[in-house]
1. Can you order the peptides A:3-9, B:2-8, A:51-57 by their average number of other Cβ atoms within 10 Å per residue, highest first?
2. Which value in deg cm²/dmol, rounded to the nearest 500, describes the helix-derived mean residue ellipticity at 222 nm for chain B, given -39,500 (n - 2.57) per DSSP H run of n ≥ 4 and division by the residue count?
3. Along the charge dipole of segment A:4-46, Cβ charges K/R +1 and D/E -1, which of A:ILE38, A:GLN26, A:ASN14 sits furthest on the positive end?
4. What Cys residues in chain A are without a partner cysteine, judged by a Cβ distance under 4.7 Å?
5. How much solvent-accessible surface does B:ILE66 expose, in Å² to the nearest 10, with a 1.4 Å probe and all protein chains in place?
6. Treating only the Cβ atoms of Lys and Arg (+1) and Asp and Glu (-1) as charged, compute the dipole magnitude of segment B:6-92 about its Cα centre; round to the nearest 20 debye.
7. With angles folded into 0 to 90 degrees, how steeply does helix A:50-63 sit against the dominant principal axis of chain A? Use alpha carbons for both and round to 10.
8. Keeping the other protein chains in place, figure out the carbon and sulfur percent of the accessible area of segment B:6-92, with a 1.4 Å probe.
2 protein chains.
Amino acid sequence: MKNWTNDDVETFANLARALGHPARVQILRELILRGECIGGDIADTLPLAASTVSQHLKVLRNAGWIQGRTDGPRRCYCINASSIATFNKLVGEVDARPDRKS
Amino acid sequence: MKNWTNDDVETFANLARALGHPARVQILRELILRGECIGGDIADTLPLAASTVSQHLKVLRNAGWIQGRTDGPRRCYCINASSIATFNKLVGEVDARPDRKS
DNA sequence: TTCGTATATCGTCGAAATACGAATTTCAGC
DNA sequence: GCTGAAATTCGTATTTCGACGATATACGAA
């Protein structure tokens, strides 16, 4: 595991916190499954009010997990691939081989 | 990406939420760096009161990230490798290849 | 047993998260 | 311009989090 800067730690914690709610995990999964873009049908897949879903989308957006672009009166979201890459990379560095020496 | 059960989603969100704080990321990193066991020197590496660190350790313990065993008057913590494995596995399934088709 | 160290738990507080409905914004179409 | 659909923001209530100091617990050593 490489040395992490304080920024690395912050970045990782922020990305992780954004995933720390089942609804947001679902949203992210839904976006990955459906592809690059989705309107508020996401809300239909969740037992939550539209305004609540909108807030969860905002959290994911602020954390950098997703991006949204305007598409007429609706909004089209897609995964931000680089966030996933960053996250996977950091997680990979938290690999715990039981036989590692330090 | 495989289908996830609701339990998968919950499990993932719980593990992620436990990582959603810089102090806990640091603790986990410290445990990985130092090896299997560490007393409350962890607290010395953080700018937090001992009781606060203890609470963070509890969160990590409840989430399954770490285990502690009693060692005289102190306590020895170590990473729970299976949690990391689970987390890495789930994260791996959230892989977003930009050229995936659905 | 008594003392000191190491941890954990308790009680409290302000801050942040979560959820909802209502109000507002945005934009296509008439 | 006005209307309706989609989405966000606002206001509010409730819950959970994060931090601390004080207290309690566990245990080795004196």
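The values are calculated or read from the model by the stated rules, or taken from the named source; none is laboratory data. Quantities reported herein were computed from a predicted structural model and do not represent experimental measurements. Cβ sites come from the backbone with ideal geometry, for glycine too, and all protein chains shown count toward neighbours. Each accessible area value is taken on the protein alone, full model and side chains, heavy atoms only, with ligands, DNA and RNA left out. Shrake-Rupley method; radii C 1.70, N 1.55, O 1.52, S 1.80 Å.
1. Working: A:3-9: 12.1, B:2-8: 10.6, A:51-57: 15.7.
Highest-to-lowest ranking by the protection proxy: A:51-57, A:3-9, B:2-8.
2. Values: 5 runs with 56 residues, N = 102.
It comes out at -16500 deg cm²/dmol, rounded to the nearest 500.
3. The one lying farthest along the dipole's positive direction is A:GLN26.
4. A:CYS78
5. We get 10 Å² for B:ILE66.
6. Numbers: 10 positive and 8 negative charges, 25 e Å.
My answer is approximately 120 debye.
7. 40
8. Values: 1940 of 4230 Å².
In segment B:6-92, the share of accessible area belonging to carbon and sulfur is 46 percent.
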